[in-house]
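Please read the structure below before turning to the comments.
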Amino acid sequence: MKILETKYMGLRLKNPIIVGSCGLTSTVEGIKKLAENGAAAVVLKSIFEEEIIKEHEQTFKNSLGEHENNLEFLDYFDYQIKNDVLKKTATLIEEVKKEVDIPIIGSLNCATSGEWISYAKQLERAGVDAIELNVFKLPFNIEQESDEQEKLYLSIIEKVKTHIKVPVAIKIAQYSSNLAAVIKKLDTAGVNAITLFNRFYNVDFDIMTDEVKAGSPYSSELDYYNTLRWISIMSGKVTTDLSASTGVHSAETAIKMIMAGATTVQMVSKIYKDGAESIAEVLKGIKDWMNKRKYVSIDEFRGSVHHEPNENAERFERVQFMKYFSDHKVD
Ligand SMILES: Cc1cc2nc3c(=O)[nH]c(=O)nc-3n(C[C@H](O)[C@H](O)[C@H](O)COP(=O)(O)O)c2cc1C
């Protein structure tokens, strides 16, 4: 499998396929199965600070009693709860490290800006090889300035990078008033990789009961276009690694992402749908294609079809179905 070797955030990976953050990476058994099927690294299920706070709200209320107004007690309790959750993750990391020899990337989503450093430090202490920061909050506040999101990304990266030695990636959303500028600023701020893009919890309606319900959490095999566009546009403009996430369901899509300039490719929905074996299938597909095209390393074709100031540029930047494409002849 040497021809698939990839360097990502300074880590040596045996191939470019990473399993993205999700429930499949939250147990030792789950991660073992992914590694056995060829995953080069996994991103652990995110630690969500908000969830920790909510889950323990009831316990918290019940335990207050006479301490209701005791600020030091409240502070201690808060510390204790967070510590318990982080301890569980630390145990998972310790156990999984004994079972598999692939890099383990921790993942964080903090609700309060002060906690990013302390959570990241604890993940680092627990032995993760890198950390992916999952930072997105839906910008639905009409009072907020349009660059708030970007400022938030940058301040978190600056804080975490100052205190953490392991490589740090940031996983961002596609929503931004100027995505290209945001990605470039994150690159300049020294982030080791940018994962494009997170896929979020979707809302749906039942039109007979008026019920608001959850939409499907899974992507389909045609959901990759937006990621492909942005990897293509940005790969030649940044020095940081780009990791492609969303809609990677086949070897063909994985190859396209790498041709566009992605260093690694993350898979989640396809594995939920067809099992860990689909990683092995994608790897075989990439290898077969490389043999056919006579490529002997991934680096040989990485970025071969990215955005350049030539005819490709116009293709990646085009968004409107103008008159001359309206008969569907877009190739
Ligand atoms: C069930 C499920 C749970 C997920 N949990 C997380 C998470 O904890 N943190 C995170 O950053 N992304 C999470 N994701 C998003 C995935 O990591 C990934 O970015 C997204 O699913 C797009 O990739 P895909 O098209 O291969 O599914 C989750 C996705 C799914 C389907």
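Every read-out reported here was derived from the displayed coordinates using simple, explicitly stated rules and does not represent laboratory data. Because the structure is a prediction, the values reported are computed rather than measured. Positions of Cβ are generated from backbone atoms using ideal geometry, with glycine treated the same way; all protein chains shown enter the neighbour counts.
Would you mind ranking Phe321, Phe301 by Cβ crowding within 10 Å, fewest neighbours first?
Values: Phe321 10, Phe301 15.
The order, fewest Cβ neighbours first, is Phe321, Phe301.
For Ile47, the amide hydrogen comes within under 5 Å of the amide hydrogens of Ser107, Leu108, Asn109, counting only partners 5 or more places away or on other chains and with H modelled in the peptide plane.
Taking other Cβ atoms within 10 Å as a rough exposure proxy, Thr91, Thr264 sort from fewest to most as Thr91, Thr264. Report, to the nearest 10°, how far helix 71-99 tilts away from the longest principal axis of the Cα atoms in the chain, using its own Cα long axis and a range of 0 to 90°. In the chain, helix 71-99 runs at an angle near 40 degrees to the longest axis. Percent relative contact order of the chain, based on C-alpha pairs within less than 8 angstrom and at least six residues apart? After rounding, I find 17 percent.
As a calculated quantity, the FRET efficiency between Asp210 and Leu138 at R0 = 25 Å, using C-beta atoms, amounts to about 0.65. Rg and Dmax of the stretch 197-331, both derived from C-alpha coordinates alone, stand at 17.4, 57 Å. The shape of the stretch 135-259 comes out oblate: with a ≥ b ≥ c from the C-alpha gyration tensor, a/c is at least 1.5 while a/b does not beat b/c. In the stretch 2-325, taking the dipole from charged Cβ atoms about the Cα centre, the farthest positive-side position among Val305, Gly114, Leu133 is held by Val305.
Here the chain is treated with +1 on each Lys and Arg Cβ and -1 on each Asp and Glu Cβ, and its dipole about the Cα centre works out to around 1520 debye. Other residues whose C-beta falls under 12 angstrom from the C-beta of Ser243 contribute a net charge of -1, scoring Lys and Arg +1 and Asp and Glu -1. The phi-based Karplus calculation (6.51 cos²θ - 1.76 cosθ + 1.60; θ = phi - 60°) puts the 3J(HN,Hα) values of the stretch 189-200 at 6, x, 5, 7, 7, 10, 9, 10, 9, 6, 10, 10 Hz, whole numbers, x for Gly and Pro. The residue list Ala173, Thr25, Ser250 was ranked by how far each Cα lies along the charge dipole of the chain toward its positive end, using unit charges on Cβ atoms, and Ser250 comes out on top.
Hey, can you grab everything whose amide H is under 5 Å from the amide H of Ile172? Only 5+ residues off in sequence or another chain; H modelled, so Pro and N-termini drop out. Counting only residues 5 or more places away or on other chains, the set is Thr195, Asn198. Of Trp289, Trp116, the sequence from fewest to most neighbouring Cβ atoms within 10 angstrom is Trp289, Trp116.
Using a/c under 1.5 as the rounded threshold, could you call the stretch 97-176 rounded, prolate or oblate? The axes a ≥ b ≥ c are square roots of the C-alpha gyration tensor eigenvalues, and prolate needs a/b larger than b/c, oblate otherwise. Prolate is the answer for the stretch 97-176, as a/c is 1.5 or above and a/b outweighs b/c. Angle of helix 277-293 to the longest C-alpha principal axis of the chain, folded into 0 to 90 degrees and rounded to 10: 30°. Starting at the first residue of the stretch 225-239, write each ³J(HN,Hα) from the Karplus equation 6.51 cos²θ - 1.76 cosθ + 1.60 with θ = phi - 60°, in whole Hz, x for Gly and Pro. The phi angles translate into 4, 5, 4, 4, 4, 6, 5, 5, 5, 9, 4, x, 10, 10, 9 Hz. Which part of the stretch 106-135 falls in the paramagnetic zone of Glu94, meaning amide N under 17 Å from the point 7 Å along Cα-to-beta-carbon? Label zone hits: 122-129. Principal axis extents of the Cα atoms in the chain, from largest to smallest and rounded to whole angstrom, are 72, 49, 47.
For the stretch 236-313, just say rounded, prolate or oblate: build the C-alpha gyration tensor, square-root its eigenvalues into a ≥ b ≥ c, call rounded for a/c under 1.5, and beyond that prolate if a/b exceeds b/c, oblate if not. Taking the square roots of the gyration eigenvalues as a ≥ b ≥ c, the stretch 236-313 is oblate. Sorting 169-177, 139-147 by average packing, meaning the other beta carbons within 10 Å per residue, from highest down gives 169-177, 139-147.
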